[in-house]
Amino acid sequence: MPPIVEIRDVSQYAGQEVVIQGWLYNLRESGKLLFPLVRDGTGIIQGVVVKAAVAPEVFEAVRHLTQESSLRVTGRVRAEKRAPGGYELEVTAAEVIQRVPPERPYPITPKEHGIEFLMDHRHLWLRSMRQRAILGVRHEIIKAARDFLDSQGFTLVDTPILTPAACEGTTTLFEVNYFGDKAYLTQSGQLYNEAAAMAVGKTYCFGPTFRAEKSKTRRHLTEFWMVEPEVAFAHLDDICALAEQLVSFVVERVLAKRREELKTLERDLSKLENCRPPFPRIRYDEAVNRLQQKGSEIRWGNDFGGTDETILSEQFDRPVLVTHYPGSVKAFYMAPDRERPELALCVDMLAPEGYGEIIGGGERLADFELLARRIEEHQLPRQAFEWYLDLRRYGSVPHAGFGMGIERVVAWVCGLEHVRETIPFPRMLYRLTP
Ligand code: 4AD
Ligand code: MG
């Protein structure tokens, strides 16, 4: 039996007979020749079936194959400059595993489909070259983020998904009936991360987070993945530096390992290659001035809207760090600036080319009295935050951290218009299926 090989490895088997297992991507017929294009999730290869060279039933089986039928093909690998991928398979045998019945053909054809149709068929759409490229880049981004933090001495501590209280404001909570009590799907692992940082010093969590976002934008999902580092004894500057190192590491890794995918996505690589530290840093004050000069209606004290973020991030050729927002537009746990207590010691990182916020974080309130007052002012249930206040009762220290939204980073790195293509099965205001 010839070895079963993955298409990405065929170059190592030139001249040898191999077995490829996959799906029929396309089929061309030219007289006594058939050219099946087979994909196996690692690549795509063109087979050549010569009528005179194979058993008649093999030729007929391949000739009647329909798009996305599954099959096992045996053949000799041959270098062929004109073939996609640079190699061809001279088919000697083929076994059909399941033939897609022609009366109910594969719904996604090479013609153009509307986005709603594709989203309804997301479970099949994932098989396309473009979606596979995005899945590959997403994987690399996640792996790179973890490799970076692991190499810096961070300990991964998993935080819960079912929680008793809000972290990022009460308007976007998903409520769950928890044996008759109210629970919420987590908006962020941060509060638990703070407990973990006091245990291990440098920690991160990485998991799904949930926001009942009622707006339909190209940046918002209701379920998204976030990597959140948290560091004891760190201040705003420290985590600005950490965020900058993390993002440049991730981009560099994708550029090094996923060129093929970025090419499939027709990504302009020079834009990503720019993305080296130091990243520009501006304060909220300056950001507001810049926006007003560009004709934005924004007033000092307002939060940035999606359009504001787009305008700001178009002004830089690499990610920009915006710090010191007014505390009133940020979450309850933000530490105030010493000189101007109306400002929060916070940072948002905006990705260039109009992509906007990919990271949000800052220094946390370490003072017991102040934090207790904030919880009251934000009308949060004190009871549910007693454990969090304990962190300020028992050896409170300055600490800081941030969250990086994976889908926002994938959208930017891949150059996608909308976050819906960045996650295998997106959850949005009007989408819970498939
Ligand atoms: O700025 P956010 O809300 O910050 C936090 O949740 C902090 N507790 C994190 C921390 O300090 N540990 O969210 C952080 C990031 C955003 O910058 C964005 O990238 C992403 O999470 N994000 C979303 N991504 C997709 N859809 C949504 N609805 C998102 N909301 C936030
Ligand atoms: Mg934010």
Item to check | Residues satisfying the stated conditions in segment 41-95, i.e. free of Cβ contacts under 8 Å to residues at least 60 places away in the same chain and among the β-branched types (Val, Ile, Thr) | outcome: Thr42, Ile45, Val48, Val49, Val50, Val54, Val58, Val62, Thr66, Val73, Val91
Next on the checklist: Can you find a residue that is at pLDDT 95 or above, within 14 Å of ligand 2 (Cβ to nearest atom), touching a Phe, Trp or Tyr at 6+ places or on another chain (Cβ under 8 Å) and among the aromatic types (Phe, Trp, Tyr) anywhere in segment 324-345?
Outcome noted: yes
Next on the checklist: Quick check on segment 384-407: of everything there that is open to solvent by 10 Å² or more (accessible area, probe 1.4 Å) and in a helix (DSSP H, G or I), which residue is farthest from ligand 2 (Cβ to nearest atom)?
Outcome noted: Arg393
Checklist entry - Which numbered condition trips up Pro208, out of (1) in contact with a helix residue (DSSP H, G or I) (Cβ under 8 Å, 6 or more places away or on another chain); (2) open to solvent by 10 Å² or more (accessible area, probe 1.4 Å); (3) part of a strand (DSSP E or B)? => result (1)
Checklist entry - Is it the case that Ser296 is polar (S, T, N, Q), under 23 Å from Val137 (Cα atoms) and open to solvent by less than 70 Å² (accessible area, probe 1.4 Å)? => result no
Item to check | Tabulated pairs, segment 97-114, first over 9 Å from Ser69 (Cα atoms), second open to solvent by 100 Å² or more (accessible area, probe 1.4 Å), C-beta under 7 angstrom, 6+ apart or interchain | outcome: none
Checklist outcome for this item: Subset of segment 30-46, residues more than 34 Å from the chain's Cα centre (by Cα) and either in a strand (DSSP E or B) or under 17 Å from Glu68 (Cβ atoms) (or both), comes to Ser30, Leu33, Leu34, Phe35
Item to check | segment 221-249, residues that are within 10 Å of ligand 1 (Cβ to nearest atom) and either surrounded by fewer than 21 Cβ atoms within 10 Å (Cβ to Cβ) or in a strand (DSSP E or B) (or both) | outcome: Thr222, Glu223, Phe224, Trp225, Met226, Val227, Glu228, Pro229, Glu230
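The values are calculated or read from the model by the stated rules, or taken from the named source; none is laboratory data. Every value quoted in this text rests on a predicted model; they were computed, and no experiment measured them. Heads up, the Cβs are rebuilt from the backbone with ideal geometry, glycines too, and the neighbour counts pull from every protein chain shown. Only protein heavy atoms, including side chains, enter the accessible area calculation; ligands, DNA and RNA are left aside. Shrake-Rupley method; radii C 1.70, N 1.55, O 1.52, S 1.80 Å.
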